[in-house]
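These notes are about the structure you will find just below.
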Amino acid sequence: MQQHSVVRICPFLLLALCIFASEDFDWTKNKMGSFQYGTFPSGFSWGAGSSAYQTEGAWDKDGKGKSIWDVFSHKRGKIHLNDTGDCSCEGYHKIKDDIALMKDMKLNHYLFSISWPRILPSGIKNDYINEKGIEHYDNLINMLLENRITPIVTLYHWDLPQVLEEKYGGWQNASMVNFFNDFANLCFERFGNRVKYWITFNNPWSVAVEGYETGEHAPGLKMRGTGAYNAAHNIIKAHAKVWHTYDAQWRNKQKGMVGISLSADWGEPVDITNQRDIEAAERYVQFYLGWFATPLFHGDYPQIMKDYIGRKSAQQGLSSSRLPTFSPHEKSYVRGTCDFLGISHFTTRYITQKNFPSNHANSYFTDRDLAELVDPQWPDPGSEWLYSVPWGFRRLLSFVKTQYGDPVIYVTGNGVSEKMMCTELCDDWRMQYLRDYINEMLKAVKDGVNVKGYTAWSLLDKFEWDEGYSERFGLYYVDFGSKNKPRYPKASVQYYKRIISSNGFPNQREIESWKRKALETCTSSNQLLAAARRKSKENKEHAAMPKVWPVHDEV
């Protein structure tokens with residue numbers, strides 16, 4: 001998941017409100033109400049998610065090429081404890097096992113990503129197609145469908161082929177648009193007769209900001225003030241091209257949909273009576289979600305981004321804005337290229353307006369003129385950036401409805417981590433998080449927001465990018481210390497199963513028993529895991545014992 005950098009502040013001059021923004025959304029209406037009982041509409045889809053690099057392992061098996069994450073994670077000091085995704089959950093070899101877990105949970109869908117370098121080792125279709133990689137995803141898709149689980153497929157979840165980064169500069173180079181389109185077109189050709197939901201990019205904000213601005217993520221570049229904007233520009237154009245390719249060549253035959261998954265925290269004004277805080281909160285959301293959503297729905301970047309970055313670029317003596325521009329043709333080309341909008345959401349920030357000195361270095365973060373704050377009373381069980389603030393979810397979903405013309409929404413990621421390294425599987429904090437966030441989503445649906453499905457993040461504990469294996473988002477615990485990477489259900493598995501089977505929260509009496517029953521089941525799971533660990537420890541100790549051979553005296 002994404003990390004959050006500490007925000008710095010820069011000069012504030014004349015504020016220009018964003019088109020399609022403040023005049024439509026009531027920023028002063030706080031909705032932090034009590035629990036609401038009820039169920040979701042018939043046909044609402046419940047699922048869980050993963051990504052290729054985080055779960056597959058088999059990083060150099062069966063002809064797979066290197067990705068930027070293979071290279072980045074092998075550089076010492078880049079990842080916590082120098083962990084890598086080389087083996088991870090061994091998901092590449094455990095398809096049957098993992099689908100059995102999904103079937104037991106009665107998931108309606110499974111969201112996963114295809115590794116670009118696994119099927120195109122160099123990243124370029126005309127070079128070589130790795131049929132072993134194609135076969136892997138064929139098997140996964142077929143087995144999902146055999147078990148009546150709908151595949152939702154992400155084409156890009158951060159694992160760019162390393163060759164494209166080395167030869168072309170990755171997403172800094174506009175040639176990625178055509179390379180990505182060729183890769184997507186191959187996926188449509190090989191898998192599109194069975195896959196009806198395609199996501200072009202997962203969380204391009206992290207790809208751009210953490211890959212090319214802060215360098216926390218692969219490829220690890222620190223092109224402050226320009227790198228993130230250039231990467232995002234090419235990603236938006238790549239998404240649009242893939243959408244048009246599907247629309248022109250495949251839609252009539254395959255009857256599928258193409259969307260994008262955007263990650264967005266909610267930004268709440270520190271003081272809802274202070275206009276400057278309200279405007280700062282809007283900037284936060286527009287620089288985060290609107291950066292990608294506004295071009296795809298309205299044809300251009302948010303006006304607030306253009307005004308702020310343009311003004312700061314001029315103050316820095318630049319002849320043009322650091323934010324790239326779309327030509328008139330490109331504006332019409334990118335507009336309307338979302339059949340559905342994926343929303344990945346985890347937490348909320350309080351936002352206030354704050355300034356930077358005019359001579360401060362260029363930065364995406366300083367361009368926004370705001371500060372992020374948190375309430376110390378918010379629960380924070382795991383990742384340092386992830387506080388549980390359920391009411392922000394409803395407000396974000398309402399904002400999306402208002403801003404972008406009531407699009408079809410799929411929640412493509414929502415969940416919470418923990419940093420515990422012990423064998424505790426009774427994750428009551430995760431059950432509480434799921435209860436509260438899903439309930440806020442239910443309220444949004446009752447408000448009229450067009451949410452069609454929810455994806456719990458994530459199915460398994462897995463490689464968490466620069467945090468390695470120190471954070472666990474999974475419903476299922478993975479014992480990374482064991483060669484076979486066995487899975488153990490946490491209490492949240494049973495809790496989520498009950499939400500799915502009830503399609504929501506039917507009544508108070510029923511849901512009050514869910515947590516108690518779920519905690520009862522995790523006790524036996526804890527015992528199994530503890531026994532397995534003891535046995536593993538004994539085997540290791542036995543293997544390490546010195547060999548003593550009998551000595552026979554000579555006669």
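The values are calculated or read from the model by the stated rules, or taken from the named source; none is laboratory data. Everything numeric here is computed off the predicted structure, so don't read it as measured data. When we count neighbours, we look across all protein chains shown, and the Cβ atoms used for this are built from the backbone with ideal geometry, even at glycine. SASA here: full protein model, heavy atoms, side chains in, ligands and nucleic acids out. Shrake-Rupley method; radii C 1.70, N 1.55, O 1.52, S 1.80 Å.
Things worth noting here:
- Close pairs from the stretch 383-398: first more than 17 Å from Ser417 (Cβ to Cβ), partner β-branched (Val, Ile, Thr) and assigned to a loop (DSSP other than H, G, I, E, B), Cβ under 7 Å, at least 6 apart: Leu397/Val449; Ser398/Val449
- Residue identified as within 30 Å of Gly336 (Cβ to Cβ) and in contact (Cβ under 8 Å) with a residue 12 or more places away in the chain among Lys419, Lys401: Lys401
- Taken as a whole, the condition of being open to solvent by less than 10 Å² (accessible area, probe 1.4 Å), within 17 Å of the chain's Cα centre (by Cα) and modelled with pLDDT under 95 does not apply to Glu464.
- The listed residue being at pLDDT below 95 and open to solvent by less than 30 Å² (accessible area, probe 1.4 Å), out of Phe346, Phe326, Phe356: Phe356
- Residues (in contact (Cβ under 8 Å) with a residue 60 or more places away in the chain and not small (Gly, Ala, Ser)) located in the stretch 108-130: Asn108, His109, Tyr110, Leu111, Phe112, Ile114, Trp116, Arg118, Ile119, Leu120, Lys125, Asn130
- Scanning the stretch 69-85 for residues that are within 14 Å of Pro117 (Cα to Cα) and either open to solvent by less than 10 Å² (accessible area, probe 1.4 Å) or in a loop (DSSP other than H, G, I, E, B) (or both) yields Trp69, Asp70.
- Just one of (1) open to solvent by 70 Å² or more (accessible area, probe 1.4 Å); (2) in contact with a strand residue (DSSP E or B) (Cβ under 9 Å, 6 or more places away or on another chain) fails for Leu318. It is (2).
- Those residues of the stretch 287-322 which are small (Gly, Ala, Ser) and within 20 Å of the chain's Cα centre (by Cα), in sequence order: Gly290, Ala293
- Residue list for the stretch 294-315, filter: surrounded by fewer than 24 Cβ atoms within 10 Å (Cβ to Cβ) and farther than 14 Å from Tyr229 by Cα: Leu296, Phe297, His298, Gly299, Gln303, Asp307, Arg311, Ala314, Gln315
- Tally, over the stretch 9-46, of residues that are modelled with pLDDT of 50 or more, of a type outside the set (S, T, N, Q) and either within 27 Å of the chain's Cα centre (by Cα) or buried (at least 16 other Cβ atoms within 10 Å of the Cβ) (or both): 10
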